[in-house]
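Presented below is the structure to which this report refers.
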Amino acid sequence: MNKNSNMSVLLRGLLLENPVFVLILGTCPTLATTTTVIGALSMGLAAMAVLICSNAVISLLRKVIPDGVRIPCYIVIIAGFVTMVQMFVQAFLPEIYELLGVYLALITVNCIILGRAEMFASKNTVGRSVLDGIGMGLGFTLALVAMATVREVLGSGSFAGIALPFFSTHTISFFIKAPGGMLVYGVMIAIVNKLTHGKAPRKKSFACAGCPSAAMCSAGACETSAVKEDN
């Protein structure tokens, strides 16, 4: 499949560039909201809504936003959509709002959303940026639900709040605690790494090009580092 095709843009976030298991982004909400399937699904859908909308607007304004202040502008746009999603959830889904707590507001600084704004939406058309938002959002949601399924079934003996035979009477509370979350996270990263061996994208070095703070850095420090990595 052509890596530049629209279908490739849509699908690569599911596995090959999964934001949680391959790019290792959004670790904080990943560990915090995966103790229950409902919480994980809610966080994934909320983040996907923000990702799609912010990608579209940033792409639309990519030729208008000054390069030197692009990051603050992206954060303002993202924060606006997060506020709208937060108000919607608070008004119509108060139980979900209470369940997600502060992590709903923290979508504003989610590395996945800001990362896609900087690396994709600011360089591509609105249509492709929306597809990227859908793909990355689905990848994030599926990753959270997969982790939450393991943690809730083993740790609470239920799935989406529904008690499961055998598991409900043989719970392992370790899995709904932070160390259990890290263990499940690590195992799933290893599994995905095995499945995508040789196919996952190589990490790129972007050096100083385009960085608004480049003038304040030690002369050539970033560039020298980049050359060493490439060699």
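The values are calculated or read from the model by the stated rules, or taken from the named source; none is laboratory data. Computed from a predicted structure; not experimentally measured. Neighbour counts run over all protein chains shown; Cβ positions are idealised from the backbone, glycine included.
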* Residue list for the range 54-107, filter: over 21 Å from the mean Cα position of the chain (by Cα) and under 22 Å from Asn124 (Cα atoms) -> Leu60, Leu61, Arg62, Lys63, Val64, Ile65, Pro66, Asp67, Gly68, Val69
* Hey, can you tell me all the residues within the range 1-48 that are crowded, with 18+ Cβ neighbours inside 10 Å and free of Cβ contacts under 8 Å to residues at least 24 places away in the same chain? => none
* Scope the range 169-180; condition touching a Gly at 6+ places or on another chain (Cβ under 9 Å) and in a helix (DSSP H, G or I); matching residues -> Thr169, Ser173, Phe174, Phe175, Ile176, Gly180
* Give just the number: which of (1) surrounded by 22 or more Cβ atoms within 10 Å (Cβ to Cβ); (2) more than 13 Å from the chain's Cα centre (by Cα) does Leu51 not satisfy? => (2)
* Structure fact -> Among the residues of the range 180-196, the number that are modelled with pLDDT under 95 and either not hydrophobic (A, V, I, L, M, F, W, C) or not assigned by TED's automatic domain parsing to the domain that holds Pro19 (or both) is 3
* **Odd one out for Thr34, checked against (1) hydroxyl-bearing (Ser, Thr, Tyr); (2) within 18 Å of the chain's Cα centre (by Cα); (3) modelled with pLDDT under 95** => (3)
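For (1) buried (at least 20 other Cβ atoms within 10 Å of the Cβ); (2) at pLDDT below 95; (3) under 22 Å from Met43 (Cβ atoms), each residue gets a yes or a no:
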{"position": "Gly137", "(1), (2), (3)": "yes, no, yes"}
{"position": "Ala148", "(1), (2), (3)": "yes, no, yes"}
{"position": "Leu154", "(1), (2), (3)": "no, no, yes"}
{"position": "Ala163", "(1), (2), (3)": "no, no, no"}
{"position": "Ile172", "(1), (2), (3)": "no, no, no"}
{"position": "Ala178", "(1), (2), (3)": "no, yes, yes"}
* Those residues of the range 148-168 which are more than 17 Å from Ile189 (Cα to Cα) and either aromatic (Phe, Trp, Tyr) or part of a helix (DSSP H, G or I) (or both), in sequence order -> Glu152, Val153, Leu154, Gly155, Ser156, Phe159, Phe166, Phe167, Ser168
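In contact (Cβ under 8 Å) with a residue 12 or more places away in the chain, crowded, with 23+ Cβ neighbours inside 10 Å, over 30 Å from Lys177 (Cβ atoms) and in contact with a Leu (Cβ under 9 Å, 6 or more places away or on another chain): is that true of Ile78 in this structure?
Details: in contact (Cβ under 8 Å) with a residue 12 or more places away in the chain: yes; crowded, with 23+ Cβ neighbours inside 10 Å: yes; over 30 Å from Lys177 (Cβ atoms): yes; in contact with a Leu (Cβ under 9 Å, 6 or more places away or on another chain): yes.
Yes, satisfied.
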* Any idea which of Leu45, Leu25, Leu41 is more than 12 Å from the chain's Cα centre (by Cα) and farther than 11 Å from Tyr103 by Cα? -> Leu41
